[in-house]
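Okay, so here's the structure we're looking at.
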Amino acid sequence: QVSLVESGGGLVQAGESLTLSCAASGNIFRNDAMGWYRQAPGKQRELVARLTARGSTIYGDSVKGRFTISMDNAKNTVFLQMNSLNLEDTGVYYCNAVVRLGYHDSPGMYWGQGTQVTVSS
């Protein structure tokens with residue numbers, strides 16, 4: 001099995017920065033992609049940023065230019081640098097990983113338990 005452990009959430013003021021990290025552990029043969037999603041109260045979970053092992057990135061429209069995703073492939077760890085945070089960035093941030101457990105295995109998707117990010121005015 002694969003476990004994702006997130007860290008770095010917290011309470012910040014608008015305009016400040018925060019960095020999230022997520023480490024994947026387990027019997028991972030290959031990490032195909034890692035990313036972050038978030039869910040605000042009363043809203044659906046949405047993509048924040050995603051990074052493939054080949055280096056392709058995608059960002060949600062609301063975070064483009066403010067957030068940066070990066071990954072340490074050797075450690076199966078993904079980071080999310082969040083700058084210029086605003087009130088709409090408040091929510092639970094979930095780490096996501098698409099990994100293969102063996103050479104012939106199909107990729108599986110795994111989720112972390114989430115970390116709260118609260119931005120205050």
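The values are calculated or read from the model by the stated rules, or taken from the named source; none is laboratory data. Just so it is clear, the model here is predicted, and its values are computed rather than measured. For neighbour counting, all protein chains shown are included, and Cβ atoms are generated from backbone atoms with ideal geometry for every residue, glycine included. In case anyone asks, the SASA skips ligands and DNA or RNA and just uses the protein heavy atoms, side chains included. Shrake-Rupley method; radii C 1.70, N 1.55, O 1.52, S 1.80 Å.
Charges only on Cβ, +1 for Lys and Arg, -1 for Asp and Glu: so what's the dipole of the chain about the Cα centre, in debye to the nearest 20?
Charge dipole of the chain: 220 debye, to the nearest 20.
Can you list the residues, at least 5 places off or on another chain, whose amide H is less than 5 Å from the amide H of E16, using H built in the peptide plane?
Under 5 Å from the amide H of E16 lie the amide H atoms of L85, each far enough along the sequence or on another chain.
Mind listing the phi-derived Karplus ³J(HN,Hα) values for segment 72-80, rounded to whole Hz, using 6.51, -1.76 and 1.60 with θ = phi - 60°, and x for any glycine or proline?
Those phi angles translate into 9, 4, 5, 9, 6, 10, 10, 10, 9 Hz.
Expressed as a whole percent, how much of the Cα-Cα distance distribution for segment 69-121 exceeds 14 Å?
Value for segment 69-121: 65 percent of Cα pairs lie more than 14 Å apart.
If the label point is 7 Å along Cα→Cβ of T52, which residues in segment 59-85 have backbone nitrogen under 14 Å from it?
Taking a point 7 Å out along Cα→Cβ of T52, the residues of segment 59-85 whose backbone N falls under 14 Å are 59.
Averaged per residue, what accessible surface does segment 63-116 expose to a 1.4 Å probe, in Å²?
Each residue of segment 63-116 exposes 52 Å² on average to a 1.4 Å probe.
Report ³J(HN,Hα) in whole Hz for each residue of segment 51-64, in order, from the Karplus equation J = 6.51 cos²θ - 1.76 cosθ + 1.60 where θ = phi - 60°; Gly and Pro get x.
9, 8, 5, 8, x, 6, 10, 9, 10, x, 4, 6, 10, 4
Kirkwood hydrodynamic radius (Cα pairs, Å) of the chain?
After inverting the mean inverse Cα-Cα distance, the result is 14.4 Å.
Per the 1.4 Å probe, what fraction of the accessible area of the chain, in percent, lies on carbon and sulfur atoms?
For the chain, the apolar C and S fraction of the accessible surface comes to 47 percent.
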